[in-house]
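Data block below; observations after.
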Amino acid sequence: MHNLKQLLKHDKWVMPLLRQRKMSLFWSIFLNFMMIFSAGALMFVSGFLISRSAQRPSNILIIYVPIVLTRLFGISRPVFRYTQRLVSHNWVLNVVSKTRRALYESVASHADYIRGSIQKGKVLGLLADDLDRLQNLYLRTLFPLGTGIILYLFIIIALGTMSLWLMLFWLLMLAIILLAVPIFSLLMNRQRIQKQKQLQSQLYTDATDAVLGLQDWLLAGRQADLVASQQTTMRSLAKIKGKSMHFGWWRDFAIQMLVLILVVVTLYWSNHYFAGQSQLINYIAAFTLAIFTLADSFLGVNQGMSEATFYEDSIRRLNDLPEPRQQQKIAQPLQQHAAIQFDQVSFSYGDRQILKHLDLNIAAGEKIAILGRSGAGKTTLLKLLSGDLQPDTGHIYLNKKKYHDLHPQIAILDQQTYLFDTTIRNNIRMGNLSATQEQIEQAVEQAGLSDLLKSLAQGYDTPMHEAGTRFSGGERQRFALARILLQDAPIVILDEPTVALDPKTEQEVLDRIFKALSGRTIIWVTHHLTGIQNVDHVYFLEDGQFILSGTPQKLAQESPRFQQLLKLDQY
């Protein structure tokens, strides 16, 4: 509990939203209290009415007021309950929606960091599981706890006006029910809940690995091993959950026994306090019955407090994420022509310098290729260009103006452009959501896919299947090209888009790409030289600097290193 308190003290995800919407939170808790008060008052008045009616009053008017109050509280309870649900769920959905948006923005704005440092399964757990935990934090802990505090104060003050000794007894019993039992439950269940969270996280990670590597499992003929490994984790998780459920049952039983003690003692006090007074004896049943409606609220507080460890882990993981980058929402006009300049750009990962005072000038409409070994800094250069990274020193210019984010001006065709499990039309339209059918058809024609689409019975409404698996690798890259053509960005980055294709298909796809993207500024990162004749300039990146540059024709005549690469690429 102390850890959760310290965590919330420095929290950037939960507490700021609670402060922003504190009035809605107050009304949710107040309406919840009024619902419980109405339920208790209904039982109190009903107990009085039953006892008074058993005395056979001489006139119905004598019990008319209790009858009216019974109707009033009978109606007010569901009204308060319904209103509280509307207000609380509206509050929770708004808060969780903002949290989800902030989470997606954090993941999106730091995608490269997260992809390199956090497993996909853990990211899936954050998106799918931890946000649900936060929703339960509000609904199953915050609201019941706030209501329990108000109810506790109300009961103690009300009893204090009648009997000091009864008030002290209730003070002790409620302290045990609302404070001692939750703390004991938290301490006893903490290790078990942490183990459950670990297994749940492991399940997400294993499931992600299984999906991504499913084809390899099938090719190896180890389907049974895959299922067995998943079942082992699931059985362990089910066992832990079973123990938690049994613990919860015993805890709830103990609370019911404490409530029973409250009932017996209150009944004894009522009998002693009201005995011999014919006008007040009816309050014995009233006080006793009112207690039963409070038991559910006591159980809710205990259940929510016992799950604090779940919320602690979820909040900690969220706070471990980098904060979303605060970027100015200024619309950047799409440039018709894009000339790019790197001026003395340097960048380091920690102590390791990747780029060293790099200079690069790319004219508008020029096509360049960047070659280099793995780890030479090619990917870093692309991230600096797109704005995913910022240079340590130096500047990047677009048409002689400084830019920190070139995303709106850039389209990227990489090794594994993702195609979604929807129609061909929807996949292509992702490049421009407002594109007309005529524009889509034009992009398809330029990408060389017209004949393929004509051969499909459903045409543009043909489902792609997940990751576009119904089509070949070359066809998938052409669909990605059609998406880029529709995007109409002046700068296109080709990040080894044909690395997984056979030589013939690779040459065909590259020829199609350079023909379709004629007139745009192209930056092509590659390891080998198939299609190199399509570019205007070639740069070799090594040790953070360009050690060799020139046209393909010039390098083929004058550079032994380039000549050697050409020979190797022919095999």
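Read the figures in this text as sums done on the coordinates, not as results from a lab. Bear in mind that the values here come from a model prediction, so they are computed numbers and not experimental data. Ideal geometry is used to build each Cβ from the backbone, glycine not excepted, and the neighbour counts take in all protein chains shown.
At R0 = 60 Å, how high is the FRET efficiency between D461 and L164 if r is their beta carbon distance? Nearest 0.05 is fine. Don't skip to the end; give the middle numbers.
Values: r = 78 Å, r/R0 = 1.31.
Once the sixth-power term is evaluated, E becomes 0.15.
Which order do M464, M257 fall in if you start with the one that has the fewest other Cβ atoms within 10 Å?
Numbers: M464 21, M257 10.
If I rank by nearby Cβ atoms, fewest first, I get M257, M464.
At a Förster distance of 60 Å, what's the computed FRET efficiency of K243 paired with K454, Cβ-Cβ distance as r, to 0.05? List each step's numbers first, then the result.
On the way: r = 61 Å, r/R0 = 1.02.
That pair, K243 with K454, gives E of 0.45.
Can you compute the FRET efficiency between Q230 and D359 using 1/(1 + (r/R0)^6), with r the Cβ-Cβ distance and R0 = 45 Å? Round to the nearest 0.05. Walk me through the numbers before you get to the answer.
On the way: r = 53 Å, r/R0 = 1.18.
After rounding to 0.05, the efficiency reads 0.30.
Separation between the F26 and D252 pseudo-spin-labels, each 7 Å from Cα along Cα→Cβ, expressed in nm?
3.4
Report for the stretch 340-569 the percent antiparallel among DSSP-assigned beta bridges with both residues inside it, nearest 5.
Values: 20 of 39 bridges.
Here the share of antiparallel DSSP bridges comes out near 50 percent.
With charges only on Cβ, +1 for K and R and -1 for D and E, what is the dipole size of the stretch 365-486 about its Cα centre, in debye, rounded to 20? Each step should come with its number before you reach the end.
Values: 14 positive and 13 negative charges, 84 e Å.
The dipole of the stretch 365-486 has a size of about 400 debye.
May I ask you to order 364-371, 174-181, 434-441, 27-34 by the average number of other C-beta atoms within 10 Å around their residues, highest value first? Provide the component values of the computation, followed by the final result.
Working: 364-371: 19.4, 174-181: 17.0, 434-441: 13.6, 27-34: 21.0.
Going from most to least packed, we get 27-34, 364-371, 174-181, 434-441.
Under a Cβ-only charge scheme (Lys and Arg +1, Asp and Glu -1), can you give me the dipole magnitude of the stretch 340-569 about the Cα centre, in debye to the nearest 20?
Details: 23 positive and 28 negative charges, 45 e Å.
Magnitude of the dipole: close to 220 debye.
How many angstrom lie between the C-alpha centres of the stretch 337-356 and the stretch 230-248?
So the separation of the two Cα centres works out to 51 Å.
I'd like to know which of A220, N189, I255 lies farthest towards the positive end of the charge dipole of the stretch 2-320, counting +1 on Cβ of Lys and Arg and -1 on Cβ of Asp and Glu.
Checking the options against the dipole of the stretch 2-320, the answer is I255.
Take the alpha carbon gyration tensor of the chain, find the square roots of its eigenvalues, order them as a ≥ b ≥ c, and report rounded if a/c is under 1.5; if not, report prolate when a/b exceeds b/c, else oblate.
It is prolate, given that a/c is not under 1.5 and a/b is the larger ratio.
What's the exposure ranking of K356, K515, going from fewest to most Cβ atoms within 10 Å? Spell out each step's value before the answer.
On the way: K356 15, K515 11.
Ascending number of Cβ neighbours within 10 Å: K515, K356.
Distance in nm between label sites at R373 and Q553, each 7 Å beyond Cα in the beta-carbon direction?
Result: 3.2 nm between the two label points.
Please give the helix 437-446 orientation as an angle from the longest Cα principal axis of the chain, in degrees from 0 to 90, rounded to the nearest 10.
On a 0 to 90 degree scale, this one is about 40.
From the square roots a ≥ b ≥ c of the eigenvalues of the alpha-carbon gyration tensor of the stretch 340-569, which class results: rounded (a/c under 1.5), prolate (a/b over b/c), or oblate?
On the way: a/c = 2.08, a/b = 1.54, b/c = 1.35.
Because a/c hits 1.5 or more and a/b exceeds b/c, the stretch 340-569 counts as prolate.
So what's the back-of-envelope 222 nm ellipticity for the chain, counting only DSSP H runs of four-plus at -39500 (n - 2.57) apiece and dividing by all residues, rounded to 500?
Here the helix-only value at 222 nm equals -20000 deg cm²/dmol.
When DSSP assigns beta bridges and you keep just the ones with both residues in the chain, what percent turn out antiparallel, to the nearest 5?
Details: 20 of 39 bridges.
Of the beta bridges lying entirely in the chain, close to 50 percent run antiparallel.
Express in nm, to one decimal, how much length is gained between I50 and Q545 on full extension, taking 0.36 nm for each residue of separation and deducting their alpha carbon distance. All intermediate terms of the calculation are to be shown ahead of the outcome.
Working: separation 495, 0.36 × 495 = 178.20 nm, distance 9.21 nm.
Gain on stretching I50 to Q545: 169.0 nm.
If you average the alpha carbon positions of the stretch 402-458 and of the stretch 80-94, how far apart do those two centres end up, in angstrom?
43
Just to confirm the number: angle between the C-alpha axis of helix 560-569 and the first principal axis of the chain, 0 to 90 degrees, nearest 10?
Approximately 70 degrees, to the nearest 10.
Any chance you could give the angle, 0 to 90 degrees and rounded to 10, that helix 64-109 forms with the longest Cα principal axis of the chain?
20
Please give the residues of the stretch 12-55, grouped as numeric ranges, whose backbone N is less than 12 Å from a label point set 7 Å along the Cα-to-Cβ vector of I67.
Only 53 pass the distance filter.
Full-extension gain between Y82 and H407, please, as 0.36 nm times their residue separation minus the C-alpha to C-alpha distance. Before the final figure, lay out the partial values.
Values: separation 325, 0.36 × 325 = 117.00 nm, distance 4.72 nm.
Net length gain for the segment: 112.3 nm.
Ranked by Cβ crowding within 10 angstrom, fewest neighbours first, how are L72, L510 ordered? Could you put the intermediate results ahead of the total?
Values: L72 14, L510 22.
Final ranking by Cβ density, sparse to dense: L72, L510.
So how strong a dipole does the chain carry about its Cα centre when Lys and Arg Cβ are +1 and Asp and Glu Cβ are -1, to the nearest 20 debye? Mind dumping the intermediate values first?
Working: 57 positive and 45 negative charges, 499 e Å.
Here the size comes out at about 2400 debye.
Enumerate the amide H contacts of I370 below 5 Å, restricted to partners 5 or more residues apart or on another chain; note that Pro and chain-start residues carry no placed amide H.
W524, V525, T526, Y539
Among the aspartates and glutamates, which fall within straight-line cross-link reach of K378, defined as a Cα-Cα distance under 15 Å, with same-chain neighbours fewer than 8 residues apart omitted?
Within reach: D112, D359, D388, D414, D495, E496, E542, D543.
Is the stretch 2-320 rounded, prolate or oblate when judged by the Cα gyration tensor, a ≥ b ≥ c being the square roots of its eigenvalues, rounded requiring a/c under 1.5 and prolate requiring a/b larger than b/c? Present the calculation step by step, with values, prior to reporting the outcome.
Numbers: a/c = 2.74, a/b = 2.25, b/c = 1.22.
Prolate.
Hey, if you put +1 on the Cβ of every Lys and Arg and -1 on every Asp and Glu Cβ in the chain, which of T99, I362, G431 ends up farthest toward the positive end of that dipole?
T99
May I ask you to compute the full-extension gain from L179 to L568, defined as 0.36 nm times their residue separation minus their alpha-carbon distance, rounded to one decimal in nm?
Values: separation 389, 0.36 × 389 = 140.04 nm, distance 7.49 nm.
Separation in residues times 0.36 nm, less the Cα-Cα distance, equals 132.5 nm.
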